[in-house]
């Protein structure tokens with residue numbers, strides 16, 4: 001059933017939580033509320049998620065603990081299996097059906113009366129564990145919370161895993177690929193173009209340029225009132241020995257200007 005929830009008055013003018021659809025009601029009691037829900041991809045904004053959290057807190061005011069996973073897909077919210085006490089499998093570019101559901105998990109709301117804790121976590125990569133690009137918003141808030149990963153003031157809310165192609169790693173190919181793109185009003189990334197690929201060796205040009213372009217197309221930012229043009233550079237670097245399987249890759253997401261991928265990083 002589609003539920004349109006209104007949040008309480010807040011510092012955000014016109015604060016209104018998005019409509020959400022319940023996927024699973026794992027538990028609804030005074031001790032614990034555990035749900036999976038879905039909202040539209042365009043509703044993954046800091047303001048709307050804070051309002052949604054407040055709506056849940058008001059709805060379940062008599063519950064000691066609240067755990068709600070927020071998906072961008074109704075099917076994923078319905079089919080996802082909450083395995084309590086177990087860690088979810090890691091998510092890779094070539095992921096299985098279960099991991100594909102995790103890809104659609106882009107926010108989490110938690111409240112604990114016992115620990116006096118309440119927060120929302122934005123999860124761009126999609127995971128029910130802590131992610132490297134997550135943004136945690138401790139509640140309550142009186143002003144717009146900051147975002148760890150943003151471009152032109154718009155928070156990054158979804159992206160695929162950023163990878164260094166194995167064939168390029170094994171060949172020790174490096175590159176610096178500068179791209180331009182547009183963040184549309186709905187937050188999707190469109191019109192991705194190669195601005196400069198002069199530093200890409202001829203032999204590895206196609207694979208590395210293609211990888212950078214295809215990766216950027218998977219990104220989604222907060223919806224906004226207008227489109228925003230931006231530029232970003234993908235730097236593929238080799239810093240150590242590359243084992244037969246491709247080895248360890250370190251990824252740094254230095255928004256708004258650069259993505260750095262370093263192959264051959266030693267495990268510590």
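The values are calculated or read from the model by the stated rules, or taken from the named source; none is laboratory data. None of these values were measured; they are calculated from a predicted model. As a convention, Cβ positions derive from the backbone with ideal geometry for all residues, glycine included, and neighbour counts pool all protein chains shown.
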Quiz item: Pick from region 179-195 the residues that are modelled with pLDDT of 95 or more and out of contact with any helix residue (DSSP H, G or I) (no Cβ under 9 Å at 6 or more places or on another chain): which of them is surrounded by the most Cβ atoms within 10 Å (Cβ to Cβ)?
Solution: 183
Quiz item: For region 69-142, which fully contained strands (runs of 3 or more DSSP E) count at least 2 residues that are modelled with pLDDT of 80 or more and touching a helix residue (DSSP H, G or I) at 6+ places or on another chain (Cβ under 6 Å)?
Solution: 105-112
